[in-house]
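Engineer: Quick one: structure below, then a few questions.
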Amino acid sequence: MAPPIIRLGLIGCGTVGSAFAEQLLAREPMLARRLGARLHLAGVAVRDTRRKRPVPQTFVTDDAAAIASDPDIDVVVEASGAPQASDWLRTALGRGASVVTASKQAVARTPALLERLVRRDQRLWCEGAVAAGVPVVRALRESLAGEEVHAIRGVLNGTSTFLLSRLETGSTLDLALAEARSLGYAEADPSADLDGSDAAAKLAILCTVAWRIPVTADLVTVTGIDGVLPVAREGGWRLVATATRDGDHVCARVAPERLAPRDPLAAAYGVINVVEVRAALAGALTWSGAGAGGAATASALVGDTLAAARQALHRLRARAAA
Ligand SMILES: NC(=O)c1ccc[n+]([C@@H]2O[C@H](COP(=O)([O-])OP(=O)(O)OC[C@H]3O[C@@H](n4cnc5c(N)ncnc54)[C@H](OP(=O)(O)O)[C@@H]3O)[C@@H](O)[C@H]2O)c1
């Protein structure tokens, strides 16, 4: 019997979306074996349909909303960072599809999506939105599900770490920014990286998952790295995200800190993110790895796509049985 087919729609085919599509196509047989179903990329939405993409041109559309609302698409993978991303995700979820997203702002600024993370909704996956390839969302969501998390600390913004590390070794801000852009780490407008709002959105998602309380990004107190750029050459400055919980109140902030060399967070260098979680039973846990870049984020998206596709497969089988 032919294996079942799970139809995917991809919104966004830039740095992250292209890396995801390439890996999905390259790993198709292996993913099919692991899932017990074929993953079929049925549509890809971008702004400019004339640009060359690593997917057949016939799949490409400029209508992201149509992918979100297409009843034949079982899993929507969103990697656009577009202001409408939250609407697309809610549309897809609303019609019963599963979604995977890399867009931290879409999740962290939308209470309805954060509520789904609180409920451990198996149709919403967002590993790639926080620390790219570092699997900390799933660790908090699943491995530490029975734990009492006391505190979260992290260096969560690869671009600001990259810039601060380059300034430490004598580069200028303009040169470091140009380098970050050419490597695909910094966006054309890096203000969300520098002003701390990118790290705040990631911290909000981690707090929501860890404490099962919806924490929107605007509840995080934020100070960007502007004020420490003139002293960055001293070394050790990083944009640090910190959160603790007191009853139903979560205290979360993002601010530059000069880290002692022995601080586990001081291992954040270049685009390496570090996340430290303190939990009642497990004690201090630390994760580190590439927090930006197409390949690292694609790793998280492919893993989440398998999880989302498993849910879609259950739905298909339940429908067939009914
Ligand atoms: N880059 C990273 O290292 C990284 C890591 C983790 C998470 N993320 C997140 O992943 C998301 C994508 O980041 P990226 O670096 O891949 O950005 P990007 O290179 O700018 O790609 C964005 C893609 O989305 C498409 N797009 C934008 N607005 C759209 C719209 N209204 N309708 C249809 N398509 C639209 C763009 O189309 P065109 O190609 O036609 O312009 C492009 O293909 C963002 O939320 C970002 O925060 C990025």
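Engineer: Could you tell me which residue of segment 123-157 is surrounded by the fewest Cβ atoms within 10 Å (Cβ to Cβ), considering only residues that are more than 16 Å from the chain's Cα centre (by Cα) and part of a loop (DSSP other than H, G, I, E, B)? Let's see the steps before the verdict.
Structural biologist: As a first pass, look at segment 123-157 and keep what is more than 16 Å from the chain's Cα centre (by Cα): 142-153.
Narrowing the set further to residues that are part of a loop (DSSP other than H, G, I, E, B) leaves 144-148.
On the way: Leu144: 20, Ala145: 11, Gly146: 8, Glu147: 15, Glu148: 13.
Going through the qualifying residues, I end up with Gly146.
Engineer: Taking interchain pairs and intrachain pairs at least six residues apart, which have beta carbon atoms under 7 angstrom, with the first residue in segment 38-66 and farther than 23 Å from Gln311 by Cα and among the acidic types (Asp, Glu) and the second within 9 Å of the ligand (Cβ to nearest atom) and not in a strand (DSSP E or B)?
Structural biologist: Close Cβ pairs satisfying both conditions: Asp62/Val46; Asp62/Arg47; Asp62/Thr49.
Engineer: Follow-up question, since we're still on this one. Out of the residues in segment 182-193 that are in a helix (DSSP H, G or I) and more than 11 Å from the ligand (Cβ to nearest atom), state the one that is farthest from Gly81 (Cα to Cα). Write out each step before concluding.
Structural biologist: At the first step, the residues of segment 182-193 found to be in a helix (DSSP H, G or I) are 182, 191-193.
Pick out the ones that are also more than 11 Å from the ligand (Cβ to nearest atom) and you get 182, 191.
Details: Ser182: 19, Ser191: 14 Å.
Only one residue fits best here, namely Ser182.
Engineer: Only one of these is away from the ligand (no atom under 16 Å from the Cβ) and of a type in the set (A, V, I, L, M): Leu177, Leu113, Leu117. Name it.
Structural biologist: One residue alone meets the criteria, Leu117.
To keep it simple, each residue is scored yes or no on (1) surrounded by fewer than 24 Cβ atoms within 10 Å (Cβ to Cβ); (2) in a helix (DSSP H, G or I).
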| site | (1), (2) |
| --- | --- |
| Leu206 | no, yes |
| Val231 | yes, yes |
| Thr244 | yes, no |
| Val250 | yes, no |
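Engineer: Would you pick out the residues in segment 194-203 that are more than 14 Å from Leu163 (Cα to Cα) and either in contact with a Leu (Cβ under 7 Å, 6 or more places away or on another chain) or not in a helix (DSSP H, G or I) (or both)? Before you say what the answer is, go through the steps one by one.
Structural biologist: Quick first cut of segment 194-203, residues more than 14 Å from Leu163 (Cα to Cα) only: 197-203.
Residues satisfying the conditions are Ala199, Lys202, Leu203.
Engineer: Among the residues of segment 99-113, write down those that are surrounded by 23 or more Cβ atoms within 10 Å (Cβ to Cβ) and either more than 16 Å from Ala217 (Cβ to Cβ) or not polar (S, T, N, Q) (or both). Working first, answer last.
Structural biologist: Keep residues of segment 99-113 that are surrounded by 23 or more Cβ atoms within 10 Å (Cβ to Cβ), which gives 99-104, 106-108, 113.
Matches in segment 99-113: Val99, Val100, Ala102, Lys104, Ala106, Val107, Ala108, Leu113.
Every read-out reported here was derived from the displayed coordinates using simple, explicitly stated rules and does not represent laboratory data. Keep in mind that this is a model prediction, so the values were computed, not measured. Positions of Cβ are backbone-derived with ideal geometry, glycine not excepted, and every protein chain shown enters the neighbour counts.
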